[in-house]
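This report concerns only the one structure given below.
The values are calculated or read from the model by the stated rules, or taken from the named source; none is laboratory data. This structure is a prediction, so every number in the text was calculated from the model and none was measured. Positions of Cβ are backbone-derived with ideal geometry, glycine not excepted, and every protein chain shown enters the neighbour counts.
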Amino acid sequence: MNVTYQGIYNQIKLAVEDANELFNSPIFYELIEKHPGFSCSEKKPIEIADLIRNSTLKIQVKLYKPRWKWSKVLGYFVKSHPNTIFLNIRKIYRETNSITNTIIHECIHALDYNENSNIIEFGHNCGYFDNTAPYEIGNIAESIVNGSDFEQTGMLDVLDTVIEDRIF
């Protein structure tokens, strides 16, 4: 998977660079594979990690301005633009790692749609968002980029295991 952005905002450029580095990072995939399982999906984490790892999808980031200026939406993916993710321009003034999280989250939606456009297989179409693949994988990405949130996300033990496996 590859993400591009042709705009002027440096924070988004950096977040796109981080996302592309993650898509080439073995640790990113190992952390996804070691996840205990995603809600709203029958696919195993290892299957989703393999789909991401083997994807040739090229995704472009574009900005949009919501009509309602207090919208809490950070970004979205829509089926009518299967190779584009949209970021809310009113929500780009935040930490780069948070923007990376949103980009990865929306890329997971794009991948899900592009793998099988007839059914959502690992999104959050079940009525809630907790522990779904887009949110959890986005959180894993943000934790890697941030480097300090593993304890808060509950992924510290998993990270320690991945690092031990790589050292020994």
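Couple of notes before you dig in:
- If you go through segment 6-59 and pick out every residue that is over 16 Å from Ile103 (Cβ atoms) and either in contact with a helix residue (DSSP H, G or I) (Cβ under 7 Å, 6 or more places away or on another chain) or of a type in the set (D, E, K, R) (or both), you end up with 21.
- Residue pairs meeting the criteria (Cβ under 6 Å; at least 6 apart or on separate chains; first farther than 16 Å from Lys58 by Cα, in segment 73-94; second assigned to a helix (DSSP H, G or I)): Leu74/Lys91; Leu74/Thr102; Gly75/Thr102; Gly75/Glu106
- Residue that is touching a strand residue (DSSP E or B) at 6+ places or on another chain (Cβ under 6 Å) and closer than 19 Å to His124 by Cβ, where the choices are Tyr64, Tyr76: Tyr76
- Matching residues in segment 76-116 - criterion: being surrounded by 24 or more Cβ atoms within 10 Å (Cβ to Cβ) and over 23 Å from Ile48 (Cα atoms): Leu87
- Long-range neighbours under 7 Å by Cβ, at least six apart or interchain, first residue in contact (Cβ under 8 Å) with a residue 40 or more places away in the chain within segment 46-68, second surrounded by fewer than 17 Cβ atoms within 10 Å (Cβ to Cβ) and small (Gly, Ala, Ser): Leu63/Gly7
- Residue check for Ile52: assigned to a strand (DSSP E or B), at pLDDT 95 or above and surrounded by 14 or more Cβ atoms within 10 Å (Cβ to Cβ): no
- Counting only residues that are farther than 20 Å from Ile85 by Cα and not β-branched (Val, Ile, Thr), segment 1-48 holds 20 of them.
- Hey, Gly37 surrounded by 14 or more Cβ atoms within 10 Å (Cβ to Cβ) and outside any helix (DSSP H, G or I) or not: no
- If you check Asn139, Asn88, Asn97, Asn101 for being over 18 Å from Tyr9 (Cβ atoms) and either at pLDDT 95 or above or of a type outside the set (Ser, Thr, Tyr) (or both), only one passes: Asn139.
- Taken over segment 71-94, the residue count meeting the criterion of being assigned to a loop (DSSP other than H, G, I, E, B) and touching a Lys or Arg at 6+ places or on another chain (Cβ under 9 Å) is 6.
- Residue check: Leu63 meets all listed conditions (1) in a loop (DSSP other than H, G, I, E, B); (2) surrounded by 13 or more Cβ atoms within 10 Å (Cβ to Cβ); (3) over 13 Å from the mean Cα position of the chain (by Cα); (4) of a type in the set (A, V, I, L, M, F, W, C) but one, namely (1).
- Segment 7-22, residues that are more than 12 Å from Ile140 (Cα to Cα) and either within 13 Å of the chain's Cα centre (by Cα) or not hydrophobic (A, V, I, L, M, F, W, C) (or both): Gly7, Tyr9, Asn10, Gln11, Lys13, Ala15, Val16, Glu17, Asp18, Asn20, Glu21
- One residue stands out among those in segment 1-34 that are closer than 23 Å to Ile89 by Cα and of a type in the set (Ser, Thr, Tyr): the one that is surrounded by the most Cβ atoms within 10 Å (Cβ to Cβ), which is Tyr5.
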